[in-house]
Every structure is written in C-alpha cells, then in structure tokens.
Amino acid sequence: MTRDLFAPPATDVPPTAIAATALAAASPAARWDGFDWVRIAADLDEFGCAHVPNVLSPQECAQLAAGYSRQDLYRSRVIMQRHGFGKGEYQYFRYPLPALLAELRTGMYPPLAAIANRWYATMGLEPRFPAQHQDFIERCHAAGQQRPTPLLLQYEPGDYNCLHQDLYGEHVFPLQAAFLLSQPGKDFEGGEFVLTEQRPRMQSRVEVVPLQQGDCVIFPVFHRPVQGTRGVYRVNMRHGVSRLRAGRRHTLGIIFHDAA
C-alpha cells in the first residue's frame, strides 16, 4: 500500500504539538539512521553546508511534487517576480502539516539544535534552542509567529531564486534544509542550488551543491561562525537557485521557525 504523504497526523492535539506527535506515530522515522551527524556537523563547520544523499525515495519525491496542485494543503502562494525575489513560485503549507513534513521537521531538529547551540555559544550570541522542536515552536507562537513555514517551490524554464535569507520574525532557528524532488538531467536542466558566504573585508565565497533527486542539503539561514587566524568571526550567508534552462524543478524546503 502506498503511503499518503499528505495525510495529516492522526491526532487532535493543537498545531503546536502536531510535529512531535507525528514523529512518534510515523514508521519511517528510521530514515534518520542514514544521517551521519558527526560528518554533517563537520561539513557545516568547514563548508557552510552539508549534503545528505537519498533521504527521500523517488516515490516520495514524485508524490510531493505532484501535490503542488493541491490547493487545500497550502496557506499562501507567492509569485516571486511580483516581489523581486526572482522568477518562479512557491507555496507555504498550512497546519496541520502533512505527516511526512512534520516527521522531517521534528526528526531533524534535535541534532541541528545541538549544532545551533554550539554555534551561538562560539559567536557569543543568545538565545539557546530547546532540545525538542515542539518547545521551540511554542516559543515562536508565544511571540506571535504562528504561521508554518515549510514550503514547496516550483521552477520552470527561465526561473531562478535570488540570493536571500529566510527570516520571518524575532525568533529564528539558524539552520534549515532543502530536498530536491526532481531528477537533474531528466526532469530539468540548470537550476543549481547556490550558497554565498560574505566574509568581513574579503570577497564572497560561493558553494554550489550538486543535488540529486531525494537528496537533502542543510545550510545556515543567515550566519555561521568561522575560525580565523585571530579567533572566531561571523560570516553572512545567503542562498538561491540558478536559472533553470529546461524542464520543471520542485524543491521541498523545511524551515524550523514559524512566521509572524
């Protein structure tokens, strides 16, 4: 039987608790066994991003991409060209999140929170992030950030996403993830995921991540610590997508803070 990836978690708890209960009830939580968190932390420290292959199956990718036309799943749709964000479009999911999205958001958060807390301590920043995602979401909601931020993006020939940062309010979790749902060379051409690192008094550094269908890239929302010759300094990060040359590209984005 094919799993319905868009079915909400079987629970009647309020949205602030949905993510935590969904992971406990979902059988695919074993996918985290394939995550080498030691390597992920090391890659984030050294390169500013971590590439994790084969997180989603081809069937999950196809079902998620096909769900772009399901208007009942989303709270809003953004045409990027209207706002100067680039060219293309994306939609934000509504609460309750589909079970798979809640699983991804909740399952990835705890080890990322440990990395985020280490980064903030290194940079001398507050606050610290709780160990469980539900507790962080409750913090967001108490501050008026109550709109979910996981999103599905769609690009067609000529579309691109300008370099940007996903900041939605006072409370920001400093790491996020993107999952490529389409297959390069078959579904689309071009459309590379790009990161830039703006270093103080230096030229910017660019990182292009060669994603395949089902792969995940974890990267900073807006800044990260870098070890220099005179100690740790903070670098500013932005991300985007280069111009799509052919086909259609879908991406799932997981942001761990909610929006005001």
Take the residues of the stretch 112-162 that are modelled with pLDDT of 95 or more and among the acidic types (Asp, Glu): which is least open to solvent (accessible area, probe 1.4 Å)?
159
Criterion first (more than 26 Å from residue 205 (Cβ to Cβ) and either open to solvent by 20 Å² or more (accessible area, probe 1.4 Å) or touching a residue at least 40 places away in the same chain (Cβ under 8 Å) (or both)) does residue 50 satisfy it?
no
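Which of the residues spanning the stretch 218-248 are under 20 Å from residue 185 (Cβ atoms) and open to solvent by 10 Å² or more (accessible area, probe 1.4 Å)?
Residues of the stretch 218-248 that are under 20 Å from residue 185 (Cβ atoms), as a first pass: 241-248.
Across the stretch 218-248, the qualifying residues are 241, 242, 243, 245, 246, 247, 248.
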So how many residues does the stretch 180-213 have that are exposed (fewer than 12 other Cβ atoms within 10 Å of the Cβ) and part of a strand (DSSP E or B)?
2
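Can you go through 181, 163, 153 and tell me which one is touching a Phe, Trp or Tyr at 6+ places or on another chain (Cβ under 7 Å) and either touching a residue at least 40 places away in the same chain (Cβ under 8 Å) or among the small types (Gly, Ala, Ser) (or both)? Explain how you work it out, then say what you get.
Details: 181 fails: touching a Phe, Trp or Tyr at 6+ places or on another chain (Cβ under 7 Å); 163 fails: touching a Phe, Trp or Tyr at 6+ places or on another chain (Cβ under 7 Å).
One residue alone meets the criteria, 153.
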Boolean, residue 77 is without any contact (Cβ under 8 Å) to a residue 40 or more places away in the chain, over 15 Å from the mean Cα position of the chain (by Cα) and surrounded by fewer than 19 Cβ atoms within 10 Å (Cβ to Cβ)
yes
For the stretch 169-179, indicate whether the set of residues that are out of contact with any Lys or Arg (no Cβ under 9 Å at 6 or more places or on another chain), closer than 10 Å to residue 249 by Cα and not in a helix (DSSP H, G or I) is non-empty.
no
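The values are calculated or read from the model by the stated rules, or taken from the named source; none is laboratory data. In this text, all values refer to a predicted model and were calculated from it rather than measured experimentally. All Cβ positions, glycine included, derive from the backbone under ideal geometry; neighbour counts span all protein chains shown. To get the accessible areas, we keep the full protein, side chains included, count just its heavy atoms, and leave off ligands, DNA and RNA. Shrake-Rupley method; radii C 1.70, N 1.55, O 1.52, S 1.80 Å.
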